């Protein structure tokens with residue numbers, strides 16, 4: 001099985017991001033929407049169906065525009081659903097998130113033109129098989145990427161931390177009851193405060209937190225970032241570049 005992401009009319013209006021990339025390549029919480037579904041299903045992405053001006057979208061590691069036949073068994077995903085990171089039941093034929101169809105497995109082969117003719121509505125391809133409820137967050141407006149960030153990060157960070165080796169935190173200065181995770185290979189200098197009062201904190205492999213820095217959760221610090229003598233407030237996810245809601249690094 002493979003994944004194909006479908007940008008509906010609302011996703012295609014997520015300006016200004018929709019001018020340059022499909023919705024599945026936007027970061028929702030700790031991961032891109034595409035990466036969230038890949039982690040939850042264990043399946044690979046073969047591409048997306050989106051606006052005509054994205055037909056030539058080409059970015060390293062990202063989904064590309066699909067053309068031609070889409071085989072039976074492929075899972076069509078509404079790109080606006082930021083699925084939870086728990087493992088999904090792959091025995092289902094459709095997946096419902098908060099009462100709305102988030103994904104459907106194709107019972108027979110189709111093509112991208114047929115999906116576009118049906119207005120990118122997955123309901124047209126839902127059969128009569130088993131439908132299951134899943135956890136997730138709907139992105140109804142482009143600002144929901146920020147509005148839902150606190151809840152998404154708080155939920156995502158413990159899952160992301162399970163996928164890697166962690167260093168002990170007993171020798172670090174931590175505050176609050178939420179968990180603090182330091183991946184093996186991250187560098188935490190002396191006199192750093194990790195404040196997990198409002199949410200969890202994760203510092204990823206390759207990141208360096210310099211002395212006299214305070215990280216306030218929920219916060220995810222990615223590789224190659226080096227805060228120096230700063231207060232990094234909650235609701236932050238910092239990546240390889242300033243483009244916090246884009247990029248290929250999970």
Regarding residue 114, is this residue under 18 Å from residue 100 (Cβ atoms), free of Cβ contacts under 8 Å to residues at least 24 places away in the same chain and either assigned by TED's automatic domain parsing to the domain that holds residue 213 or not in a loop (DSSP other than H, G, I, E, B) (or both)?
no
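Being closer than 18 Å to residue 165 by Cβ and either without any contact (Cβ under 8 Å) to a residue 40 or more places away in the chain or part of a loop (DSSP other than H, G, I, E, B) (or both) is the filter here, so list the residues in region 195-208 that pass it. Reasoning before the result, please.
Restricting attention to region 195-208, the residues satisfying the condition of being closer than 18 Å to residue 165 by Cβ are 200-208.
Residues satisfying the conditions are 200, 203, 204, 205, 206, 207, 208.
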Let me spell it out: the conditions are (1) buried (at least 17 other Cβ atoms within 10 Å of the Cβ); (2) modelled with pLDDT under 90, and residue 181 meets all of them except one. Which number is the exception?
(2)
Sole exception among (1) outside the structural domain of residue 39 (by TED's automatic domain parsing); (2) within 20 Å of residue 29 (Cα to Cα); (3) free of Cβ contacts under 8 Å to residues at least 60 places away in the same chain for residue 138, by number:
(1)
Of the residues that sit in region 118-161 and are touching a strand residue (DSSP E or B) at 6+ places or on another chain (Cβ under 9 Å) and loosely packed, with under 13 Cβ neighbours inside 10 Å, which one is nearest to residue 39 (Cα to Cα)?
130
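The values are calculated or read from the model by the stated rules, or taken from the named source; none is laboratory data. Being a predicted model, the structure only gives us computed values, none of them experimental. Here Cβ is always computed from backbone atoms with ideal geometry, including for glycine, and neighbour counts include all displayed protein chains.
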